[in-house]
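Q: Let me give you the structure first, and then I'll get to my questions.
The values are calculated or read from the model by the stated rules, or taken from the named source; none is laboratory data. Just so you know, these numbers come straight off a predicted model, no measurement behind them. Glycine gets a Cβ as well: all are built from the backbone with ideal geometry, and neighbour counts include every protein chain shown. Ligands, DNA and RNA are excluded from the accessible area calculation, which covers all protein heavy atoms including side chains. Shrake-Rupley method; radii C 1.70, N 1.55, O 1.52, S 1.80 Å.
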Amino acid sequence: MMLAGRRRTSLWCEILLFLLLGGASAQKLTATVGSEVTLRCSYDARYHGRLWACWSKGLLPSRGCGNLVMQTDGTSVIDRLSERYLLLGNLGWGDLSLTIRQLQETDSGTYGCRVEIPGWFNDEKTYVTLTVVPTRPNPLKVSTREVNERTVTVAWSAVFDGGRPIIRYSLEIKDEQLSWDTAKRTEVSNPRSSLNQLTVMDLHPAKTYHVRMFAANSVGRSGASNVLTVTTSEAAPEGPPLDLQLEGLTPNSIRVTWRPPQPELRNGLLLTYSISYREYDPTVKNFRGWRHLRVSATREASSVVLRNLNPSTKYGVMVQALTNAGIGPAATAPLCSTLDEVVQSSPVPTTNSTTAPVTRRADGPTQSTTAPTTSTDEPYATSWEESSTTAQQPTGVPPDPPVLELKEAKGSTISLVWTSAFEGDSPITGYYLESKTTNASWDNTKTAVDFSANQTEATLIEMNPATYDIRMFAENSAGTSNASNVLTITTGEADMESEAFGTTVSTDTQAAASAGMSQNNLLAGVMVPVVLGVLAVATLAAWKLKRE
């Protein structure tokens, strides 16, 4: 019943409009902002000839056009309100259809077309009611601004907003091998049109990602942008080689075998391995100088034989993997000794006047050690030999540190602004920002992002929810400023643990740890026999006294 009542009401409204318009025909059209629409109107030019006609916005007065939009003398356009209004039909055939381009919401309304036909009350009138509605934004066009080991900066150009301001940008990033359902999604609210770039952080080196973006206004979300395929730069390996084993082969050689680091810690294509080894001198309880060897990383399991070694001598060995970006942490193993040298004694005469050599070899079997098996050998490595070079100091005065401020932290998105201070002796050429997890060291675990000299704000996306420390430096031709103030910012859920940006452990630190373990084992190996000897002497003395 209610539906039938509404239909009758709509019908009566249309009849009333028809009567008010003086019997003129009426049309209704709906179009979206930014599109193009054509309002139909025509007369029989072959019968009447070319006639004067006009378009008006609103109801037509008794004569002429009130709110004039377009008028023609039947041959050409003689007046129009805007270049967006066009008569594209054939005027010679009486086609007066009005085309409106780049529609705006303000174009909504009723339009009237009048054709002046000679005679009383002969004018032909046509009305079109146009409704222009906003729509979703057009898809973004994104590009790659900068790609580093662990960060990617994405930029985009402005697009048609659909007639409503853009209120949100969404970024999705995923592993190239996975579906978009697994993508990491981040939204940036209250975007500024002048800052059309985002920096995604916490990525993995030497890995390929797919990136796309969306824009949204109050009507809805745009279609997906073009998809970027980005591969982060290589980095030095984060993990050491695995299963390092040392085996004494002869009095002058030791075999070294290992496997590559874990795939997720290689950070790129492994090119070579660096094998460093040195002799342990028990007389001074220290090591002699390092010797180095490099082998190609062409197989899943690698092996090399160290030659020209001294007999009955302990050696320490380190193995490190290398990519184009640098060298990774070292794998170590307990000390390994070469075999005892074969000694030939004096010939001993026999009954048949022939001689046979008497030989002596090492008492134990061939020595083999596997990391991280505990050993009671003398301590292994102390530290790498360091080479010092004197760097030429830059001349001039570097800039003062910038002042870094937090604009907004929402979800995994961080918006920062900064202001420069004294520029020094020359203009500032750029800035770079460092970030790390709060429980990490600036020396080992950090991510750096570069910015141009004229940039004063940035939006970062932290892929892993955690608490971060962020600081910034300014640069000019004379050098780099001191660090700015440090911002401590928590992204995402507070109870989620952060994955480290990537820690590179110094080989010196690992060697020192290994040395400490070996020293404790050595002390135990010396003290236990001494105590047992003292107990044995005391027991023997007591037995003799008892006999006396």
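Q: Roughly what % of Cα-Cα distances in the stretch 284-327 sit above 13 Å, to the whole percent?
A: Tail of the P(r) past 13 Å holds 68 percent of the pairs.
Q: Now, a different point. In Å, what Kirkwood hydrodynamic radius results for the stretch 229-293 from the alpha-carbon pair distances?
A: 14.7
Q: Could you go through the stretch 296-312 in sequence order and give the Karplus-derived ³J(HN,Hα) for each residue, using 6.51 cos²θ - 1.76 cosθ + 1.60 with θ = phi - 60°, rounded to whole Hz, and x for Gly and Pro?
A: 6, 8, 10, 10, 5, 10, 10, 8, 8, 10, 7, 10, 6, 8, 8, x, 6
Q: If you stretched the chain out fully between residue 486 and residue 146, how much longer would it get, using 0.36 nm times the residue separation minus the C-alpha to C-alpha distance?
A: Between residue 486 and residue 146, full extension yields an extra 120.0 nm.
Q: Taking the Cβ of residue 229 as the centre, find all other residues whose Cβ is under 12 Å away and add up their charges (Lys, Arg: +1; Asp, Glu: -1).
A: Local charge sum for residue 229: +1.
Q: If you don't mind, there's one more thing I want to ask. Please give, to one decimal in nm, the separation of the simple spin-label points placed at residue 68 and residue 259, each 7 Å out from Cα toward the Cβ.
A: Placing both labels 7 Å along Cα→Cβ, they lie 8.8 nm apart.
Q: Here's a follow-up. List every residue whose amide H lies under 5 Å from the amide H of residue 142, counting only residues 5 or more places away in sequence or on a different chain, with H placed 1.01 Å from N in the peptide plane.
A: 226
Q: When only the heavy atoms of the protein chains count and the probe is 1.4 Å, how do 462, 83 rank by accessible area, highest first? Don't skip to the end; give the middle numbers.
A: Details: 462 0, 83 150 Å².
Result of the area sort, largest leading: 83, 462.
Q: I would also like to ask the following. Over the Cα atoms of the stretch 185-314, what radius of gyration and what Dmax do you get, in Å?
A: Rg then Dmax for the stretch 185-314, in Å: 25.4, 82.
Q: Take the alpha-carbon centre of the stretch 175-244, take the same for the stretch 397-436, and report the distance between them in whole Å.
A: Cα centroid of the stretch 175-244 versus Cα centroid of the stretch 397-436: 23 Å apart.
Q: Check each of the trypsin sites (Lys or Arg not before Pro) in the stretch 236-325 and keep only those in coil by DSSP with at most 16 other C-beta atoms within 10 angstrom; list them in order.
A: Answer in residue order: 285, 288, 299, 307.
Q: If the chain between residue 44 and residue 105 were fully stretched, how many nm would it gain, using 0.36 nm times the residue separation less the Cα-Cα distance?
A: 18.7 nm
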